[in-house]
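Q: Let me give you the structure first, and then I'll get to my questions.
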């Protein structure tokens, strides 16, 4: 059982997960550098191709499988391949469209959609491929999905949570949300639908250095709307980097106080000491030993803190 | 004959619903809104990329197909059994049916065929879970 699954299913502890950086060359060396920064702080770290490397570096991966890039055959192959190396946490995403990325000329796949992919994962967890072919033994899987509490139609987003829960999702990472009122309504909706305690809600916050990345997210990342007063707050501050940090801390504290919320997912665009500062300010104590309970794959490169 | 029916269906449903000839029509459960017009061809609701004005992430000039479907399901005088199906989990598309008549596939029940593994993954079997 993964640490993430253990904490969410068997304890009331708050969990922290993080988005793993894009490596863009110097793969394993860079992966180790980033892993060292994250080590001891997080219960799970996510990215597609690097999940196995992350596992070998002693962190617990959360493998994101995306409908945009792979058809149902490739998705099942990815799940089985990652399972072979002890990856247990999986997240199903529909994915941003190819036109939102830096290779907009690519062919989009979308052979499955997010809820279908959750059900496909549940099928493998039960010990069958989609075709019905048996998998023996079935891989141990802890299945999650994503949702955007800040995109229309707002009132329908909670019904999607119910749909993904019925399909087999046990946790739900949320898109970055700069509208506290929308997050509040969403989390209250999850609670009122009787889903608190059944599916763990994990909102996302971002560490940024100033107003530029806020503008970028607002203008270029699908589904993220940053209100102008939040951008202005950082832009007009005497010390924008400090103000941006305080803003993130506020959003993190606010998110953690919402019903049905069981933890926080952190995307670090700053790559500086504020990651440690944020975790400390949120009351997290860095683990001195590897907290993973299912760390079968270890090698000489494994990080020891 | 099969091609003839498919042609008639295309002529009728194309201009009215923007039918994409997927051969497994779910219009009744989506507020008479064809989900195959979603650029991501999503069959189970809107993605997280819907813009503030309710328009599509991929085609900014177009209202999100699933917002339309949601509004129509609420507002249009459709049978309640159809409205109830809005939140059902629709299976992945059977790509072999592309270009065939969904009318024919409905009457032969071909459009409700799903692979064994998918069929076995009911809400109940998933809820029951498997502990290894």
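Q: Restricting attention to the stretch A:109-126, which residues are facing chain B (nearest Cβ under 7 Å) and more than 19 Å from the chain's Cα centre (by Cα)?
A: Hits for the stretch A:109-126 are A:110, A:111, A:112, A:123, A:125, A:126.
Q: Would you pick out the residues in the stretch A:198-223 that are under 26 Å from residue A:104 (Cα atoms) and within 14 Å of chain B (Cβ to nearest Cβ)?
A: Within the stretch A:198-223, A:204, A:217, A:218, A:219, A:220, A:221, A:222, A:223 qualify.
Q: Let me ask something else. For the stretch A:71-92, enumerate the residues that are within 14 Å of chain B (Cβ to nearest Cβ) and surrounded by fewer than 20 Cβ atoms within 10 Å (Cβ to Cβ).
A: Across the stretch A:71-92, the qualifying residues are A:71, A:73, A:74, A:80, A:83.
Q: Based on what the data block shows, is residue B:36 within 27 Å of residue A:148 (Cβ to Cβ), part of a loop (DSSP other than H, G, I, E, B) and under 11 Å from the mean Cα position of the chain (by Cα)? Give the derivation first.
A: On the way: within 27 Å of residue A:148 (Cβ to Cβ): yes; part of a loop (DSSP other than H, G, I, E, B): no; under 11 Å from the mean Cα position of the chain (by Cα): yes.
Judged against the criteria, residue B:36 is not a match.
Q: One residue is enough: does the stretch B:16-30 have a residue meeting the conditions under 16 Å from the mean Cα position of the chain (by Cα), within 10 Å of chain A (Cβ to nearest Cβ) and closer than 15 Å to residue A:156 by Cβ?
A: No - not one qualifying residue is present in the stretch B:16-30.
Q: Only residues that are under 19 Å from the mean Cα position of the chain (by Cα) and in a helix (DSSP H, G or I): list them for the stretch A:1-35, please.
A: The answer is A:3, A:4, A:5, A:6, A:7, A:8, A:9, A:31, A:34, A:35.
Q: Output the residue which, of all residues in the stretch A:224-260 that are closer than 23 Å to residue B:47 by Cα and crowded, with 21+ Cβ neighbours inside 10 Å, is nearest to the other protein chains (Cβ to nearest Cβ).
A: Top of the filtered list is A:224.
Q: Here is a further query. Checking residue B:60 against (1) surrounded by fewer than 16 Cβ atoms within 10 Å (Cβ to Cβ); (2) touching a residue at least 12 places away in the same chain (Cβ under 8 Å), which test does it fail?
A: (2)
Q: Look at residue B:54 and say whether it is within 14 Å of chain A (Cβ to nearest Cβ) and over 14 Å from the mean Cα position of the chain (by Cα).
A: yes
Q: Within the stretch A:177-191, can you find the residues that are farther than 18 Å from residue A:217 by Cα, in contact with a helix residue (DSSP H, G or I) (Cβ under 8 Å, 6 or more places away or on another chain) and surrounded by fewer than 22 Cβ atoms within 10 Å (Cβ to Cβ)?
A: The answer is A:185, A:189.
Q: Is it the case, given these coordinates, that residue A:95 is under 24 Å from residue A:53 (Cβ atoms), part of a loop (DSSP other than H, G, I, E, B), within 11 Å of chain B (Cβ to nearest Cβ) and touching a helix residue (DSSP H, G or I) at 6+ places or on another chain (Cβ under 9 Å)?
A: Working: under 24 Å from residue A:53 (Cβ atoms): yes; part of a loop (DSSP other than H, G, I, E, B): yes; within 11 Å of chain B (Cβ to nearest Cβ): yes; touching a helix residue (DSSP H, G or I) at 6+ places or on another chain (Cβ under 9 Å): yes.
In short, yes.
Q: Working only within the stretch A:200-210, note down all residues that are crowded, with 21+ Cβ neighbours inside 10 Å and more than 15 Å from residue A:149 (Cα to Cα).
A: If the condition is that a residue be crowded, with 21+ Cβ neighbours inside 10 Å and more than 15 Å from residue A:149 (Cα to Cα), then A:206, A:207, A:208 are the ones that fit.
Q: Still on this structure: Which residues, taken from the stretch B:40-86, are under 28 Å from residue A:100 (Cα atoms) and part of a helix (DSSP H, G or I)?
A: B:65, B:66, B:67, B:68, B:69, B:70, B:71
Q: Can you tell me which residue within the stretch A:162-176, out of those that are touching a helix residue (DSSP H, G or I) at 6+ places or on another chain (Cβ under 6 Å) and either surrounded by fewer than 24 Cβ atoms within 10 Å (Cβ to Cβ) or within 7 Å of chain B (Cβ to nearest Cβ) (or both), is farthest from residue B:89 (Cα to Cα)?
A: A:168
Q: To continue, here is another question. Among all residue pairs at least 6 apart or on different chains, which show Cβ distances below 7 Å where the first residue, located in the stretch A:244-257, is closer than 15 Å to residue A:227 by Cα and the second is part of a helix (DSSP H, G or I) and at pLDDT 95 or above?
A: A:244/A:234; A:247/A:230; A:247/A:233; A:247/A:234; A:248/A:278
Q: Inspect all residues belonging to the stretch B:98-106 and state whether any of them is away from every other protein chain (no Cβ under 11 Å), in a loop (DSSP other than H, G, I, E, B) and surrounded by 20 or more Cβ atoms within 10 Å (Cβ to Cβ).
A: Yes: one or more hits.
Q: Of everything in the stretch A:127-148, what is under 30 Å from residue B:63 (Cβ atoms) and within 9 Å of chain B (Cβ to nearest Cβ)? Give them in sequence order.
A: If the condition is that a residue be under 30 Å from residue B:63 (Cβ atoms) and within 9 Å of chain B (Cβ to nearest Cβ), then A:146, A:147, A:148 are the ones that fit.
Q: Further, regarding this structure: Which residues, taken from the stretch B:6-33, are assigned to a helix (DSSP H, G or I), in contact (Cβ under 8 Å) with a residue 24 or more places away in the chain and either at positive phi or surrounded by 15 or more Cβ atoms within 10 Å (Cβ to Cβ) (or both)?
A: The answer is B:6, B:9, B:29, B:30.
The values are calculated or read from the model by the stated rules, or taken from the named source; none is laboratory data. This is a predicted model, so every value here is computed, not measured. Glycine also receives a Cβ, built like all others from the backbone with ideal geometry; neighbour counts cover every protein chain displayed.
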